[in-house]
1. Given the conditions (1) free of Cβ contacts under 8 Å to residues at least 12 places away in the same chain; (2) in contact with a helix residue (DSSP H, G or I) (Cβ under 6 Å, 6 or more places away or on another chain), report the number of the one that residue 239 does not fulfil.
2. Looking at the range 139-153, is at least one residue within 21 Å of residue 325 (Cα to Cα) and either in contact with a helix residue (DSSP H, G or I) (Cβ under 7 Å, 6 or more places away or on another chain) or surrounded by fewer than 17 Cβ atoms within 10 Å (Cβ to Cβ) (or both)?
3. Among 339, 281, which is the only one that is over 28 Å from residue 254 (Cβ atoms), crowded, with 24+ Cβ neighbours inside 10 Å and either under 19 Å from the mean Cα position of the chain (by Cα) or in contact (Cβ under 8 Å) with a residue 60 or more places away in the chain (or both)?
4. Going through 266, 200, 223 one at a time, which residue ends up being touching a helix residue (DSSP H, G or I) at 6+ places or on another chain (Cβ under 6 Å), surrounded by fewer than 24 Cβ atoms within 10 Å (Cβ to Cβ) and on the phi < 0 side of the Ramachandran plot?
5. Tell me which of these residue 116 doesn't satisfy, since it passes every other one: (1) in a helix (DSSP H, G or I); (2) farther than 15 Å from residue 321 by Cβ; (3) in contact (Cβ under 8 Å) with a residue 40 or more places away in the chain.
6. Can we say residue 345 is within 16 Å of residue 218 (Cβ to Cβ) and part of a helix (DSSP H, G or I)?
7. For the range 230-242, which positions are crowded, with 22+ Cβ neighbours inside 10 Å and at pLDDT below 80?
């Protein structure tokens, strides 16, 4: 189990690092906030499309083939991005990269959230996820400035993803160690009607939770996508600023995952403070720290609620990832359009107001 967990954690590190490697150098791939927002959002659109199918496939056929496929798409898209320029080809490859990430994330989160010690395991997983985000930002920004090659960080993390893919080919999940006794791990073929019923039931019964995932995760994407043009800073400084968000998330998930979480109040108050954090980000990069810490707290609380669905973790983690990526897809894109039409303050204000709607609706 340790070898498989290592592949899952290193895999999410590489997938996330590659996803963020383009952020500090967005102006090198497109001009204007609308194009930059589209490039940023294309990755999350791909992940939004693939996470729910990834969850279904994990439940039906096992997590290992889904994880391998996700890593393979990540490697292919990363290598091609290294040699590509122009906004439309980059958007297409970012979409492909997101498809691979969605498959991997759904299967990986299903694995960690189905373990007996799921709260602590999810803390470690989310920490590695955010360490990857930090590494992608910092390394890509530094390499771009140091060697004057904007795509160098993308090439680095594509190569590391290839190493993890090779390791994953020789590693598989041990069935006896997946779940507690008596819990079903895979569904027999031919039960699509039951899958659909479960899907509709989960979407409707957890609708407010899904909305909180869309908005609260999406707010972090809004700030990250707006800052390259908003601040006008160099790629290395931008990488450090945005990395501060993920560092705060790492600290938050490692601390909060060690305590009993009263999920609904935690999500409600985190939404209140994220409203202020979005406005603070307009005034100071310190907003990244606030938003990052709150996002980590929110995700631990959300995953703690969803861990109750013990026998369908692939499906619930697929839905959780789907709605999270939906937020990262539509909110940055909308914010980019608002910024282009009305200015950056209005874009940050829209994000803040959406956070307030979660505080009012969660329950």
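1. Result: residue 239 fails condition (1) only.
2. Taking every residue of the range 139-153 in turn, none turns out to be within 21 Å of residue 325 (Cα to Cα) and either in contact with a helix residue (DSSP H, G or I) (Cβ under 7 Å, 6 or more places away or on another chain) or surrounded by fewer than 17 Cβ atoms within 10 Å (Cβ to Cβ) (or both).
3. Matching residue, one of 339, 281: 339.
4. The unique qualifying residue is 266.
5. Among (1) in a helix (DSSP H, G or I); (2) farther than 15 Å from residue 321 by Cβ; (3) in contact (Cβ under 8 Å) with a residue 40 or more places away in the chain, the lone unmet condition for residue 116 is (1).
6. Answer is no for this residue.
7. Within the range 230-242, 235, 238, 239, 242 meet the criteria.
For every residue, the table says whether it meets (1) at pLDDT 90 or above; (2) in contact with a strand residue (DSSP E or B) (Cβ under 7 Å, 6 or more places away or on another chain); (3) more than 15 Å from residue 354 (Cβ to Cβ).
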| site | (1), (2), (3) |
| --- | --- |
| 282 | yes, no, no |
| 288 | yes, no, yes |
| 295 | yes, no, no |
| 308 | no, no, yes |
| 320 | no, no, yes |
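The values are calculated or read from the model by the stated rules, or taken from the named source; none is laboratory data. All values derive from a computational prediction rather than experimental measurement. Quick reminder, even Gly has a Cβ in these numbers, built from the backbone with ideal geometry, and neighbours come from all protein chains shown.
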